[in-house]
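Below is one structure, written out as structure tokens, with a few remarks after it.
The values are calculated or read from the model by the stated rules, or taken from the named source; none is laboratory data. The model shown is predicted, which means the values in this text are computed figures rather than measured ones. Note that each Cβ is placed from the backbone with ideal geometry, even for glycine, and that neighbours are counted across all protein chains shown.
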């Protein structure tokens, strides 16, 4: 793989430069999103939006801003960094061809992992949080509920774009496609690089009550990428996980599904299923590794 203009930078400098791109991208795309909102809703829309409680009147503007920020902080800086680090951008990130059985294994892995993630979520809830953390979580929950509240197909598809599609591509490019490989190179240990990246992945979401299960997802995505060297697989896993959450939330809010899915495997409901789920996840990851070795990928 030939190097790009900044390919000679050390792993640490590449990580620091990526962080700079993320910060700049967040600023530039927040400005672009604000500009779009002002052009479509009036010049005072942004000032009225600042500090406002999410409502049916402003939720569309908040979603627009969220989409622009996701592109600016993940997708755009990730692609630009990969271009600068390598002359073969997509090969550097791991956009490789994959066999159908690998995609099927990843889909199975995501579904099997759900009770285990619920189990870890219930354990995370036992960790005491300070008052400011609880207040922060409460505000974040209000915004999440407002984002997810929809009764139309168009609103649901927009939520899929905002919550599943853009994050699946953008976050996987940043965390698995770039950060993980450089942390592995720095630490000289695959497990350490995966763990550090997963911790950063979870911390970046600023959701304290979900830190442990989200970090576990980061570890799962990390090993999928490490074993397969194929970012399409982690994008699929990330998209499927987020899409299932979007579908479940919508079904609960519309009354077509009881709010029990997120409890299955947790301490309050069939916790042994959660433990068994974690064991099955490990077995499926080993099968993904075995398939990759058979195909001489790793």
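Table: residues versus (1) within 14 Å of residue 234 (Cα to Cα); (2) part of a loop (DSSP other than H, G, I, E, B); (3) modelled with pLDDT of 95 or more.
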{"residue": "167", "(1), (2), (3)": "yes, no, yes"}
{"residue": "180", "(1), (2), (3)": "yes, no, yes"}
{"residue": "184", "(1), (2), (3)": "no, no, yes"}
{"residue": "191", "(1), (2), (3)": "no, no, yes"}
{"residue": "195", "(1), (2), (3)": "no, no, yes"}
{"residue": "198", "(1), (2), (3)": "yes, no, yes"}
{"residue": "206", "(1), (2), (3)": "no, yes, no"}
{"residue": "210", "(1), (2), (3)": "no, no, no"}
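So, in region 146-182, of the ones that are without any contact (Cβ under 8 Å) to a residue 24 or more places away in the chain and over 22 Å from residue 73 (Cβ atoms), which residue ends up surrounded by the most Cβ atoms within 10 Å (Cβ to Cβ)? Give the derivation first.
Going through region 146-182, the residues without any contact (Cβ under 8 Å) to a residue 24 or more places away in the chain turn out to be 152-155, 157, 181.
Then keep just the ones that are over 22 Å from residue 73 (Cβ atoms); that gives 152-155, 157.
Values: 152: 8, 153: 8, 154: 8, 155: 17, 157: 12.
Looking at residues that are without any contact (Cβ under 8 Å) to a residue 24 or more places away in the chain and over 22 Å from residue 73 (Cβ atoms), I get 155.
Taking the options 49, 65, 104, name whichever one is loosely packed, with under 14 Cβ neighbours inside 10 Å and free of Cβ contacts under 8 Å to residues at least 40 places away in the same chain.
Numbers: 49 fails: loosely packed, with under 14 Cβ neighbours inside 10 Å; 65 fails: loosely packed, with under 14 Cβ neighbours inside 10 Å.
Every option except 104 fails the conditions.
Only one residue in 21, 75, 9, 16 is farther than 30 Å from residue 150 by Cβ and buried (at least 18 other Cβ atoms within 10 Å of the Cβ), so which one is that?
Values: 75 fails: farther than 30 Å from residue 150 by Cβ; 9 fails: buried (at least 18 other Cβ atoms within 10 Å of the Cβ); 16 fails: buried (at least 18 other Cβ atoms within 10 Å of the Cβ).
Within the list 21, 75, 9, 16, the selection yields 21.
For region 1-116, which helices (runs of 4 or more DSSP H) that fit wholly inside it have 2 or more residues that are at pLDDT below 95, on the phi < 0 side of the Ramachandran plot and in contact with a strand residue (DSSP E or B) (Cβ under 8 Å, 6 or more places away or on another chain)? Lay out the reasoning, then the answer.
Working: elements: 11-41, 45-49, 59-70, 76-85, 89-93.
Of the helices (runs of 4 or more DSSP H) lying wholly inside region 1-116, none has at least 2 residues that are at pLDDT below 95, on the phi < 0 side of the Ramachandran plot and in contact with a strand residue (DSSP E or B) (Cβ under 8 Å, 6 or more places away or on another chain).
Which one of 293, 258 is more than 14 Å from residue 168 (Cα to Cα), assigned to a helix (DSSP H, G or I) and at pLDDT below 95? Write out each step before concluding.
Numbers: 258 fails: assigned to a helix (DSSP H, G or I).
Checking each option against the conditions leaves just 293.
Just the residues that are assigned to a helix (DSSP H, G or I), over 25 Å from the mean Cα position of the chain (by Cα) and within 26 Å of residue 213 (Cβ to Cβ), please, taken from region 268-290. Full working, then the answer.
First, pick out the residues of region 268-290 that are assigned to a helix (DSSP H, G or I): 271-290.
Within this subset, residues satisfying the condition of being over 25 Å from the mean Cα position of the chain (by Cα) are 271-272, 290.
Result: 271, 272.
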